[in-house]
1. Please name all residue pairs, on different chains or six or more residues apart, with Cβ atoms under 6 Å, provided the first residue is in segment 4-16 and is within 10 Å of K47 (Cβ to Cβ) and open to solvent by less than 30 Å² (accessible area, probe 1.4 Å) and the second residue is hydrophobic (A, V, I, L, M, F, W, C) and assigned to a helix (DSSP H, G or I).
2. Can you tell me which residue is nearest to F300 (Cα to Cα) among those in segment 167-179 that are touching a residue at least 12 places away in the same chain (Cβ under 8 Å) and open to solvent by 10 Å² or more (accessible area, probe 1.4 Å)?
3. Take segment 180-218 and flag every residue that is over 26 Å from A295 (Cβ atoms), open to solvent by less than 50 Å² (accessible area, probe 1.4 Å) and at pLDDT 85 or above.
4. Tell me the residue from D292, D345, D314 that is open to solvent by 20 Å² or more (accessible area, probe 1.4 Å), farther than 16 Å from V174 by Cβ and touching a Gly at 6+ places or on another chain (Cβ under 9 Å), please.
5. Could you check K270 against (1) assigned to a loop (DSSP other than H, G, I, E, B); (2) out of contact with any Phe, Trp or Tyr (no Cβ under 9 Å at 6 or more places or on another chain); (3) at pLDDT below 90; (4) of a type outside the set (F, W, Y) and say which number it fails?
6. Is there any pair linking a residue in segment 228-245 that is assigned to a strand (DSSP E or B) to one that is open to solvent by less than 100 Å² (accessible area, probe 1.4 Å) and among the aliphatic types (A, V, I, L, M), with Cβ under 7 Å and at least six apart or on different chains, and which?
7. For the condition hydrophobic (A, V, I, L, M, F, W, C), in contact with a helix residue (DSSP H, G or I) (Cβ under 7 Å, 6 or more places away or on another chain) and closer than 26 Å to K319 by Cα, what is the one hit in A295, A213, A187?
Amino acid sequence: MKVKKYVVASMPQAMKAIRSDLGEEAVILHSKQIRTGGFLGLFTKAKIEVLAAVDSVEKLSVKKNSSPPAPSMEDNQSFMKQQLSELNTLVSQMNQMPKVSSSSYPKAVEDVFAYLRLQEIDEAILKSIEASMLEYYYLHRPNSNQLMEWTKSWFVNQFKESEWSGPFKKYVSVVGPTGVGKTTTLAKLAAKCVLEHNQKIAFITTDTYRISAIEQLKTYASILNAPLTICYNGADFKKALLETEAYDVIFIDTAGRNFLEQQYVNDLKKIITFQEDLQTFLVLALTSKVSDMKAVYERFVSLSVDHLIFTKQDETTRKGSLLNMLYHCGKRAAFTTNGQDVPEDVSAFKIKEFIDDVFGDWKDE
């Protein structure tokens with residue numbers, strides 16, 4: 001790996017020099033604005049410091065008929081050690097940076113970064129977009145609105161693999177902490193199967209801690225003309241699976257408990273058989289703190305969580321937490337909900353629609 005630093009007057013000048021020195025395969029690792037020259041702090045000039053790298057060392061051009069001696073193995077090893085040392089130093093410096101600093105960026109870039117932070121986008125994501133955004137800005141000089149459109153496209157492309165398109169397996173369970181709307185979400189998904197796909201569905205609930213949850217699910221089951229089985233233990237659950245075997249999709253509700261209690265997850269494992277033909281969705285509320293959402297995920301990941309569902313999209317103006325969870329967990333988002341109506345207020349997750357919603361109140365001030 002060859003790493004080289006450039007101090008230039010503009011980003012296009014840097015790009016030209018990088019291509020000339022390192023070739024088309026070179027990548028920009030970092031860039032920032034600096035001031036050079038002057039006297040006693042006066043009359044300094046604005047410059048851009050750019051760090052670029054390329055995987056292979058470019059061959060040196062030599063005059064015709066010249067035959068420079070081949071470097072020895074010791075020279076090659078010394079050169080590679082030097083390059084690795086420089087790269088390790090650079091990576092260490094970049095990793096020590098607590099956040100992307102936009103204080104020296106052009107105003108359009110500062111405006112976009114400020115908005116991303118307003119939406120509570122994780123600093124790790126901001127760091128991953130930084131170099132590409134700066135390169136785009138210095139090559140095209142967009143205004144804030146144009147740069148925001150580019151940013152939206154970047155997010156759509158970055159998270160395009162995060163959509164889940166189905167179908168449901170035979171058994172569908174929803175898990176998650178209390179208060180996120182699991183039972184209502186389960187009813188919405190069941191209603192979609194009945195109304196949109198004309199499937200025969202059944203309900204099983206292991207939520208025996210809240211009478212209100214059972215009554216709520218009974219109401220939904222009655223409306224959808226679907227049977228409901230209440231399970232108190234593992235034996236009840238196995239019996240319920242046999243009784244509902246003829247149905248197309250069986251939806252399994254679970255108790256909402258304090259996610260900090262490991263015993264809750266252990267109890268679920270004792271009752272529900274998490275097998276190949278069972279699909280588990282972890283339900284998270286967008287009104288929750290990201291730190292709590294991560295803790296919930298870590299608690300439930302042992303249940304072989306397949307996909308994520310995000311509720312209460314309509315109850316917050318800061319929706320970046322959904323992108324943060326997709327980035328850190330590597331799971332796909334299946335659905336989002338934005339109200340209590342069944343089945344209207346549930347939608348299959350589409351990254352472009354979600355990004356349009358997240359950036360919907362952007363204003364170039």
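The values are calculated or read from the model by the stated rules, or taken from the named source; none is laboratory data. Source: prediction; values computed, not measured. Glycine also receives a Cβ, built like all others from the backbone with ideal geometry; neighbour counts cover every protein chain displayed. When the accessible area is computed, the model is the full protein with side chains, heavy atoms only, and any ligands, DNA or RNA have been set aside. Shrake-Rupley method; radii C 1.70, N 1.55, O 1.52, S 1.80 Å.
1. Between residues of segment 4-16 that are within 10 Å of K47 (Cβ to Cβ) and open to solvent by less than 30 Å² (accessible area, probe 1.4 Å) and residues that are hydrophobic (A, V, I, L, M, F, W, C) and assigned to a helix (DSSP H, G or I), the close pairs are Y6/A14; Y6/A17; V8/A14.
2. Taking segment 167-179 first, the residues touching a residue at least 12 places away in the same chain (Cβ under 8 Å) are 168-179.
In the following step, the residues that additionally are open to solvent by 10 Å² or more (accessible area, probe 1.4 Å) were identified as 168-171, 177-179.
Working: F168: 20, K169: 20, K170: 21, Y171: 18, P177: 10, T178: 13, G179: 16 Å.
Restricting to residues being touching a residue at least 12 places away in the same chain (Cβ under 8 Å) and open to solvent by 10 Å² or more (accessible area, probe 1.4 Å), the top hit is P177.
3. Of everything in segment 180-218, those that are over 26 Å from A295 (Cβ atoms), open to solvent by less than 50 Å² (accessible area, probe 1.4 Å) and at pLDDT 85 or above turn out to be A187, A190, A191, K192, C193, V194, I201, A202, F203, I204, L217.
4. D314
5. The failed condition is (1).
6. L228/L217; L228/A221; T229/I204; T229/A240; I230/I214
7. A187
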